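Chemist: Dumping the structure here so I can ask a few things about it.
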Amino acid sequence: AQTVTQSQPEMSVQEAETVTLSCTYDTSENNYYLFWYKQPPSRQMILVIRQEAYKQQNATENRFSVNFQKAAKSFSLKISDSQLGDTAMYFCALNNNAGNMLTFGGGTRLMVKP
Amino acid sequence: SAVISQKPSRDICQRGTSLTIQCQVDSQVTMMFWYRQQPGQSLTLIATANQGSEATYESGFVIDKFPISRPNLTFSTLTVSNMSPEDSSIYLCSARDSGTGGSYEQYFGPGTRLTVT
């Protein structure tokens, strides 16, 4: 069984500053994919960033980047230059190589303050 | 990436009745999934909707309560049967792209907010 843990239920950050959301996971697979999804109050789940486990280079998408530590099974999300529109629930998720099972963490509620 | 729509976006239903939620994808996809998200909680997978065969249900979910159809590669329905207040949740449909180098990312519909009174 695979598990995903987000230890920060809520976080806040001032607009324009940087914030890091934590995620740890456990899986017996050697090859897998990790994702961060954003869910604003509109409920729409939006894919923010993805990381293949076999790639050592950390993924980056504009203001969003990850710190992937495979040995430690850690996958944190860094949001730079935070904007008010970043206010949302953020979910870390793990998909095994077979691709059928997407396991979500409990989520972190991020509030960006003006 | 696939664009997914769901109908209805929200509904208020009486206990004992059933509601069918529709999910439409704008392209053919290999896999479609149904999730439940209770208020303030994470997502829990209900089942995988298989095209041309019976859905695969996760532990704690049964076909009699949540019958699923998948008549083609772009459409699926989830029925919540014999509803009780405990079924009040957001129900989300997702699809996995069959391309994109096998990254297995899933795209989500906007969800259906169900309230059972």
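Chemist: For Cα pairs less than 8 Å apart in space and 6+ apart in sequence, what is the mean separation divided by the residue count of region B:43-101, i.e. the relative contact order in percent?
Modeler: Working: 55 pairs, mean separation 13.1, N = 59.
Normalised by residue count, the contact order of region B:43-101 is 22 percent.
Chemist: Give the carbon-plus-sulfur fraction of the accessible surface of the protein assembly as shown in %, rounded to a whole number; probe 1.4 Å, heavy atoms of protein chains only.
Modeler: 46
Chemist: Considering only protein heavy atoms, what per residue accessible area in square angstrom results for region A:3-113 with a 1.4 angstrom probe? The partial results should precede the final answer.
Modeler: Values: 5190 Å² over 111 residues.
I get 47 Å² per residue for this part.
Chemist: If you don't mind, there's one more thing I want to ask. Over 26 Å between Cα atoms: which of A:38/B:7; A:73/B:65; A:113/B:7; A:55/A:78; A:73/A:113 fall into that group?
Modeler: Flagged as over cut-off: A:73/B:65; A:113/B:7; A:73/A:113.
Chemist: Under the Cβ-under-4.7 Å rule, which cysteines of chain B stay unpaired?
Modeler: B:13
Chemist: Determine ³J(HN,Hα), in whole Hz, for all residues of region A:19-36 in sequence, where each value follows from phi through the Karplus function 6.51 cos²θ - 1.76 cosθ + 1.60 and θ = phi - 60°; x replaces Gly and Pro.
Modeler: Listing the rounded values in order: 9, 10, 9, 9, 7, 10, 8, 9, 7, 8, 6, 9, 10, 7, 10, 10, 9, 10 Hz.
Chemist: Which one of B:2, A:47, B:84 has its Cα pushed farthest toward the positive end of the charge dipole of the protein assembly as shown, where Lys and Arg give +1 and Asp and Glu give -1 at the Cβ?
Modeler: Positive-end residue among those listed: B:84.
Chemist: So for chain B: antiparallel DSSP bridges make up what percent, rounded to the nearest 5?
Modeler: Around 90 percent of the beta bridges assigned by DSSP in chain B are antiparallel ones.
Chemist: For region B:17-98, what is one quarter of the convex hull surface built on the Cα atoms, given in nm²?
Modeler: With the hull built on Cα positions only, its mean projection is 5.4 nm².
Chemist: Between residue B:115 and residue B:18, what is the label-point separation in nm under the 7 Å Cα-to-beta-carbon projection?
Modeler: With each label placed 7 Å out from Cα toward Cβ, I get 2.5 nm.
Chemist: Which residues, if any, in region A:32-63 have at least 40 Å² less accessible area in the whole protein complex than in the isolated chain, probe 1.4 Å?
Modeler: A:33, A:37, A:43, A:44, A:45, A:50
Chemist: Quick one: if the Förster radius is 41 Å, what FRET efficiency do residue A:14 and residue B:11 give, using the C-beta to C-beta distance and rounding to 0.05?
Modeler: For R0 = 41 Å, the calculated efficiency reads 0.55.
Chemist: List the chymotrypsin sites (Phe, Trp or Tyr not before Pro) within region A:12-58 that fall in a DSSP loop (any state other than H, G, I, E or B) and whose Cβ has at most 16 other Cβ atoms within 10 Å. Don't skip to the answer; put the middle values down first.
Modeler: Details: sites: A:25, A:32, A:33, A:35, A:36, A:37, A:54; in loops: A:54.
When the chymotrypsin sites (Phe, Trp or Tyr not before Pro) of region A:12-58 are filtered for loop state and at most 16 Cβ neighbours within 10 Å, A:54 remain.
Chemist: Let me ask something else. Rounded to the nearest 100 Å², what is the buried accessible area between A and B, both sides summed, probe 1.4 Å?
Modeler: Chain pair A/B: roughly 1900 Å² of buried accessible area.
Chemist: In addition: Taking only the alpha-carbon positions of region A:3-113 and ignoring solvent, what does the Debye formula give for the base-10 log of I(q)/I(0) at q = 0.15, 0.20, 0.23 Å⁻¹?
Modeler: One equal scatterer on each Cα of region A:3-113 leads to -0.58, -1.03, -1.33.
Chemist: If you take every residue apart from residue B:9 with its C-beta less than 10 Å away from the C-beta of residue B:9, what net charge results, scoring Lys and Arg +1 and Asp and Glu -1? List each step's numbers first, then the result.
Modeler: Working: positive: A:43, B:7, B:10, B:113; negative: B:11.
Around residue B:9, the charge tally is +3.
Chemist: Under a crude label model (7 Å from the Cα following the beta-carbon direction), how far is residue B:50 from residue A:30 in nanometres?
Modeler: For the pair residue B:50/residue A:30, the computed spacing is 2.9 nm.
Chemist: What does the average come to when, for each residue of peptide A:73-80, you count the partner chain Cβ atoms lying within 10 Å of its Cβ? Write out the running numbers ahead of the final one.
Modeler: On the way: counts 0, 0, 0, 0, 0, 0, 0, 0.
The mean count of partner-chain Cβ atoms within 10 Å per residue comes to 0.
Chemist: If you average the sequence gap of Cα pairs under 8 Å that are 6 or more apart and divide by the length of chain A, what percent do you get for the contact order?
Modeler: RCO, chain A: 38 percent.
The values are calculated or read from the model by the stated rules, or taken from the named source; none is laboratory data. This structure is a prediction, so every number in the text was calculated from the model and none was measured. Because the Cβ atoms are built from the backbone with ideal geometry, glycine has one as well, and the counts that use them run over all protein chains shown. SASA here: full protein model, heavy atoms, side chains in, ligands and nucleic acids out. Shrake-Rupley method; radii C 1.70, N 1.55, O 1.52, S 1.80 Å.
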